[in-house]
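What follows is a short report on a single structure.
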Protein chains: 2
Amino acid sequence: MGEGQSRLDLFIDRMVSQRACLDHAIAETAGMPGPVFELGLGNGRTYHHMRSRIDGRDIYVFERAVAAHPDSTPPEARTILGDVRETLPAARDRFGPTATLIHADLGGHNRDKNDAFARLVSPLIELLLAPGGLMVSSDRMYFDALEEQPLPPGAVPGRCFVYRRPGGEGA
Amino acid sequence: MGEGQSRLDLFIDRMVSQRACLDHAIAETAGMPGPVFELGLGNGRTYHHMRSRIDGRDIYVFERAVAAHPDSTPPEARTILGDVRETLPAARDRFGPTATLIHADLGGHNRDKNDAFARLVSPLIELLLAPGGLMVSSDRMYFDALEEQPLPPGAVPGRCFVYRRPGGEGA
Ligand SMILES: C[S@@+](CC[C@H](N)C(=O)[O-])C[C@H]1O[C@@H](n2cnc3c(N)ncnc32)[C@H](O)[C@@H]1O
Ligand code: NI
Ligand code: NI
């Protein structure tokens, strides 16, 4: 007993932080026209949330194998199927640096694996973000040109990270 | 947009309510010696939470098919494998009405199915609870002898329910 945070505690902190960071990032980028990228669909809860809060921007979902709740499955035309190590570079060719918001929740249960993967995909993600665009992640990322932002109220430090590409309107 | 609560919102409310009700029920029954029953292991998050907060009481887990996180898998001796429609009546024979706390999170995504199942298992659960014992559920239950309790602070109405068998010390 008293061994600190339970898995339930950690999970709640992660979910609450994701929502706080997403709501903040959606509001901050609301005036921008470019697409939104969801990396990792999973159960579809954060996609469902983003879809219900984002108006006038296309949301593209990058996922290896779609297995979400039916009401949280993106239309085929905005599903980018495959390993992000391949689909992110392809998206760079297709979209250029136009994404206004990128959310990544790609991690599993292994911290070290998550960190190694975050290092691997950071440069691929970085190239997609528009000036002034925001990136929200459940893992710490390793960017050159993006700047870590202070967390919004309600987010728990260490459970969520927000990055911004300098430039754009708000710069 | 603006279509009210997202699946993420609902999920957070459910997790937060589970934790609030469990913490409350654990504290309320802390002086009682009888076992604790977890109905539905799932990912094992609430079991992990209960295990980290409960001292001196055995926690038995009722589950059809164990597929939890390794650090949240109960020991075999306290795993009661099978369909609760069969294992709950067997537990009545084995334990009598001695459970001090029963938590049930057996539902899936279909509301009507969950409600029908709650009606079915309510009489089976009722027989296991000790006088003064508490029952926490994610679904509304249908008990004869148990009394619905006010929710503790932090729990969201409709996302969690607490019931008590009259009698015992606190009666
Ligand atoms: C929603 S999950 C429980 C989640 C858990 N509270 C957690 O925090 O991870 C529901 C679980 O109940 C189990 N279950 C559902 N119906 C059952 C039944 N009739 N008998 C035994 N187990 C059942 C399922 O196999 C599933 O693992
Ligand atoms: Ni689902
Ligand atoms: Ni897990």
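Just so you know, all these numbers are worked out from the coordinates, no wet-lab data involved. Keep in mind that this is a model prediction, so the values were computed, not measured. Cβ coordinates were reconstructed from backbone atoms using ideal geometry, including for glycine residues, and neighbour counts include every protein chain displayed.
Working note: Cα atoms of segment A:7-164, range along each principal axis, descending, whole Å: 39, 35, 31. The mean number of partner chain beta-carbon atoms within 10 angstrom of a residue's beta-carbon across peptide B:18-29 is 1. Peptide A:42-50 shows a mean partner chain C-beta count of 4 within 10 Å per residue C-beta.
Would you calculate, for chain A, the mean residue ellipticity at 222 nm contributed by helices, counting each DSSP H stretch of 4 or more residues as -39,500 (n - 2.57) and dividing by all residues, to the nearest 500? Mean residue ellipticity at 222 nm (helix-derived): -11500 deg cm²/dmol. Computed from phi, the 3J(HN,Hα) profile of segment B:158-167 under the Karplus parametrisation 6.51, -1.76, 1.60 (θ = phi - 60°) reads x, 9, 6, 9, 10, 10, 9, 7, x, x Hz, with x in place of Gly and Pro. With N as its number of residues, the protein assembly as shown has a Cα radius of gyration that, divided by 2.2 N^0.38 Å, comes to 1.13. With label points set 7 Å from Cα along Cα→Cβ, the inter-copy distances at A:ASP115 are 4.9 nm, sorted shortest first.
Only helices at least 27 Å long along their own axis, judged from Cα atoms, and with Kyte-Doolittle mean hydropathy of 0.0 or greater: name those in chain B from DSSP H.
Numbers: long enough: B:7-28 (31 Å, 0.10).
Taking the DSSP H segments of chain B (at least 27 Å long, mean hydropathy at least 0.0), we get B:7-28.
Between the residues B:LEU120, B:MET141, B:PRO157, the greatest Cα displacement towards the positive end of the dipole of segment B:116-171, with unit charges on the Cβ of Lys, Arg, Asp and Glu, is found for B:PRO157. When peptides A:46-56, A:130-140, B:80-90 are ranked by their average number of other Cβ atoms within 10 Å per residue, the highest-first order is A:130-140, A:46-56, B:80-90.
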